[in-house]
Amino acid sequence: MAQRRMLSKKVTDTDAFLDMPLSTQALYFHLNMHADDDGFVGNINTIKRMIGASTDDEKLLLAKQFLIPFDDSGVVVIKDWRIHNYIRKDTYNATMYSEERRKLGVSESGSYFVDEPSTERPRIVDDTATQVRLDKVSKGKSKVSEGKVSENTTDQPTGSLRNQLTDLVAVHGFADRLTPMQLNQLLEYVTEDGMEIGVLNLALQDASNRAIRNFKYVDAILRAKLNEGVKSVADWHAGKETHKQAVADEKVPDWMRELNDKLEGS
């Protein structure tokens, strides 16, 4: 195995990296030093203990997608390993984690990604809601919605939105519970359905408060809200007030309603 390791400023000089605590950055550097020639690390817990890093540091690296986890084996791979390192063929030794390696593809930029069949959630079609039409654009550009979208969130670059979402996921305790693909599916509520990022925050908060920190529950909340026409934080709160009023009206006895009508008519 090659003994020299490199780090690229293309990764470590980004705001996404520098905004992390120093302990998290240190863990990333040490993982790069201890990874095999394909960027895989099979003893992350040992490295955390060795340098005094915490589980929260690991969770943040996962949430910000600097690491790709393999839950079955506990192995992680450094996503941007090939951006950091070029290893000569005469010193290269292939990873022992061949099964995990087969699950990965390599992007044009050199980053690893999980190469597996798409499991995108079914799109919800509501004829009474504002129609959102997506046009195909040239390769390398995102789909753009022609429907009404939030000026505060969906007009932002996808990278900025992803950073906001990964921060929210970490704050509400979901960092180690959502896969990169599931994060993409949640992000689609903003980029394709026109929801404000604040609605995703409320859904994550609701799930966290109920101690139900899993993707299916959050996705179910957002689907239900989308069906109700909720796309902004104001819509969310307005819906709650309407529900409270409906419940209150159900509890009012008929005789009190009649008395109230008489008093208002006098």
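Each reported figure results from applying straightforward, stated rules to the coordinates on display, with no laboratory input. Remember, it's a predicted structure, so these values are computed and weren't measured experimentally. Neighbour counts run over all protein chains shown; Cβ positions are idealised from the backbone, glycine included.
Worth pointing out:
- Filter result (within 25 Å of residue 159 (Cα to Cα), acidic (Asp, Glu) and in a loop (DSSP other than H, G, I, E, B)) within region 190-241: 192, 193, 196
- Restricting region 24-76 to residues that are farther than 20 Å from residue 174 by Cα, of a type in the set (Val, Ile, Thr) and in contact with a helix residue (DSSP H, G or I) (Cβ under 8 Å, 6 or more places away or on another chain), the residue that is surrounded by the fewest Cβ atoms within 10 Å (Cβ to Cβ): 51
- Here 222, 226 are screened, and the one residue that is buried (at least 19 other Cβ atoms within 10 Å of the Cβ), within 25 Å of residue 69 (Cβ to Cβ) and not β-branched (Val, Ile, Thr) is 222.
- Looking across region 76-111, just one residue is without any contact (Cβ under 8 Å) to a residue 24 or more places away in the chain, among the hydroxyl-bearing types (Ser, Thr, Tyr) and touching a strand residue (DSSP E or B) at 6+ places or on another chain (Cβ under 7 Å), and that is 107.
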